[in-house]
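Down below is the structure, laid out as structure tokens.
The values are calculated or read from the model by the stated rules, or taken from the named source; none is laboratory data. Small disclaimer: the values here were computed from a predicted structure and weren't measured. Every residue, glycine as well, gets a Cβ built from its backbone with ideal geometry; the counts of neighbours run over all protein chains shown. What goes into the accessible areas is simple: the full protein's heavy atoms, side chains included, and nothing from ligands, DNA or RNA. Shrake-Rupley method; radii C 1.70, N 1.55, O 1.52, S 1.80 Å.
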Amino acid sequence: MAKNNNSASETPAVGAHQRIISPSMLSADFGNLERDTKMIDRSAAEWIHIDVMDGVFVPNISFGFPVLKAIRAASDKFLDVHLMIVEPEKYVKRFVEAGAALVTVHAEATSNLLGTLELIRSCGVLSGVSIKPSTPVSAIADVLYAADLVLVMSVEPGFGGQSFMPHSLDKVRELRAMGYKGLIEIDGGISASNAGLAFEAGCDVLVAGNAVFGAPDPVVEIEKMLNV
Ligand code: DX5
Ligand code: ZN
């Protein structure tokens, strides 16, 4: 994967069931961001998860374009950008310019969800739609054809290190039962102890923050999650 090439041509094939780990940089050491990014770059994780929070959609503020650009410069991985911001449509283009290969927006955060997903695709990257634990799959049924990925939240968005909500796997099964053929990603409280369950339920991509960066050896922990 070439650096600074975030076009759809470098993205994984949608449709085939995959096993991808996407470590969340929210749990990285920001004083050593380049070191931690390069560590993930050498690991078996194919993606890097970037949590952008605005303090409005969620009660926390994380980081934005400069940090994404710094991660892009230090890594060749597929950058998976999870926008936890209101009116994400205003910023899609800038996140793509900063290096996103996938932009995921929350169904609850925009009044024009379909238009936002179409805008993301028109920028040449993958489109993702995310639902909070209290949002049913039915809320996004009408826009699934425009989403390359569905991100099922298995914690309330806003913070790393929370406990996994098992009922979120029912939503993954429901999406598969509905015939959704795109990628399914799960985010929140994922570790080697529940990674197998998530893959079996139909997930292709597992986000993990604390489980990876809190492990004695994050590279080994990623291998463990892939080999459950
Ligand atoms: C939460 C974020 C997650 C978070 C996951 O709002 O979307 O990506 O960093 O962290 P863990 O794996 O620690 O639950
Ligand atoms: Zn996330």
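Observations on the model:
- Pick from segment 47-82, criterion farther than 27 Å from GLU223 by Cα and among the aliphatic types (A, V, I, L, M), ranking: farthest from ligand 2 (Cβ to nearest atom): VAL56
- Scanning segment 184-202 for residues that are assigned to a loop (DSSP other than H, G, I, E, B) and either within 19 Å of LEU83 (Cβ to Cβ) or more than 14 Å from ligand 2 (Cβ to nearest atom) (or both) returns GLY188, SER191, ALA192, SER193, ASN194, GLY202.
- Qualifying positions in segment 140-149 - open to solvent by 20 Å² or more (accessible area, probe 1.4 Å) and either touching an Asp or Glu at 6+ places or on another chain (Cβ under 8 Å) or free of Cβ contacts under 8 Å to residues at least 12 places away in the same chain (or both): TYR145
- Residue within segment 155-167 that is more than 16 Å from ligand 2 (Cβ to nearest atom), surrounded by fewer than 19 Cβ atoms within 10 Å (Cβ to Cβ), over 21 Å from VAL103 (Cα atoms) and not aliphatic (A, V, I, L, M) present: yes
- The residues listed here are VAL212, VAL172, VAL152, VAL228; of these, the one that is outside any helix (DSSP H, G or I) and open to solvent by less than 20 Å² (accessible area, probe 1.4 Å) is VAL152.
- In the set (1) open to solvent by 40 Å² or more (accessible area, probe 1.4 Å); (2) hydroxyl-bearing (Ser, Thr, Tyr); (3) touching a helix residue (DSSP H, G or I) at 6+ places or on another chain (Cβ under 8 Å), SER122 fails one condition alone, (3).
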